[in-house]
Amino acid sequence: MKRGPAAAALAIAAFVVIVVGVGFAAASAAGLGADRGRLALTLAALGLHFAAAAALAIPSFVDRLRRFLDGRSWRTVLVAAALLSPYLLYWAIPGTARLAWLSRVVAWVATPTLVAILWPRRWVLTGEALITLLVWLPVEFHWVKKAYPWPAGGNGAILAAPLGLSLMVFLFAVVRGWSDLGYVARVDRRDLLSAGAAFLGFAAIGIPLGLWSGFLRPAAAWPGPVAILLRGVMIFLLTAVPEETCFRGLIQGYFARLTGRPIVSLAAASLVFGAAHLNNGPVPDWRYAVLATLAGLAYGWTYMRTRRLAAPALTHLLVDLTWSVVFKG
């Protein structure tokens, strides 16, 4: 049964309330609850970013947005600017209003948007590869991290995850017209079964390999159930969904268009995913890259099977949460 605009808006509002509530609980646990003004602005920006990400997961909204753009460049720029606007709330935090930092975020959004508008259609595959790199690499190499100086330590950069997610979906599902990205707010029995099977398959190989190589070590103690729940929600929203949209939806989807061979695209995207983990520590760790490549095969298999991003995101959640709770890497 199709939901009307009012029901969709109510669902998005409920989702945003949950996101902000989880964010507040996590921030309070980290000792940030006393700084109410800064925390309120940050959570407001986070909620607005996720409202956009949630709206783009509704096919009827995506269809309306495509009709609104109608091939008009100025409208595409207007929507891209709207995706960026929640950052201005964060910029209102004292000490964050620096033009050099704001310009990084603006450039991150504007550059791939202009490529999506101006790149010749006859070079479509080259253009889509360039757009993907322009969205992904500034986050991968922490180029935009300095634009989120509060709280100290760079944790404010979690705001880049929903912004990057919305930007990816907008540019590919709306502007470029990809109909098979799989970014849909829907989870069914097939998604759950595929995610469970992929997780068990990866765990059967990845855990023994990780323990044998010394990359994984059993944790001395587990956090409590509330902490595990909060951690799971944060992993799903800030890591699993954005990364699966990028690596499975865009990169694996791109290789499938390039080669026409699903197995080749699965292998290529998994290798890229593994290589992307080489810069996650103080020094490159081949063990991490190997395990990430194997995990990428599991995530990519579920994407091939379901053609939606829900199953790989759920598998990603199970892998990362198990690693976070049960093991130390």
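Every read-out reported here was derived from the displayed coordinates using simple, explicitly stated rules and does not represent laboratory data. Computed from a predicted structure; not experimentally measured. Cβ sites come from the backbone with ideal geometry, for glycine too, and all protein chains shown count toward neighbours.
Each peptide in 151-160, 61-70 was scored by the mean count of other Cβ atoms within 10 Å over its residues; highest first, the order is 151-160, 61-70.
Peptides 40-48, 73-81, ordered by how many other C-beta atoms sit within 10 Å of their residues on average, highest first, read 40-48, 73-81.
Sorting Lys145, Lys328 by the number of Cβ atoms found within 10 Å of their own Cβ, with the fewest placed first, yields Lys328, Lys145. Dipole size of the chain about its Cα centre, with +1 on Lys/Arg Cβ and -1 on Asp/Glu Cβ: approximately 580 debye, rounded to the nearest 20. The amide H of Phe327, built 1.01 Å from its N in the peptide plane, has Ala219 as neighbours under 5 Å, considering only residues 5 or more places off or on other chains. Ordering 272-285, 103-116 by mean Cβ neighbour count within 10 Å, with the highest value first, yields 103-116, 272-285.
Between region 1-65 and region 256-315, the alpha-carbon centres lie 28 Å apart. Looking at the square roots a ≥ b ≥ c of the eigenvalues of the Cα gyration tensor of region 180-244, which shape do they give, rounded for a/c under 1.5, prolate if a/b is larger than b/c, or oblate? Oblate shape, in that a/c is at least 1.5 and b/c is the bigger or equal ratio.
Based on alpha-carbon atoms, the Kirkwood radius and the radius of gyration of region 72-186 give Rg/Rh equal to 0.99.
Going from the residue with the fewest nearby Cβ atoms within 10 Å to the one with the most, Thr239, Thr259, Thr315 rank Thr259, Thr239, Thr315.
Taking the Cβ of Ser194 as the centre, find all other residues whose Cβ is under 12 Å away and add up their charges (Lys, Arg: +1; Asp, Glu: -1). Counting the neighbours of Ser194, the net charge comes to +3. Applying a length cut-off of 27 Å (Cα extent along the axis) and a mean Kyte-Doolittle floor of 0.5 to the DSSP H helices of the chain leaves 5-29, 36-55, 189-213.
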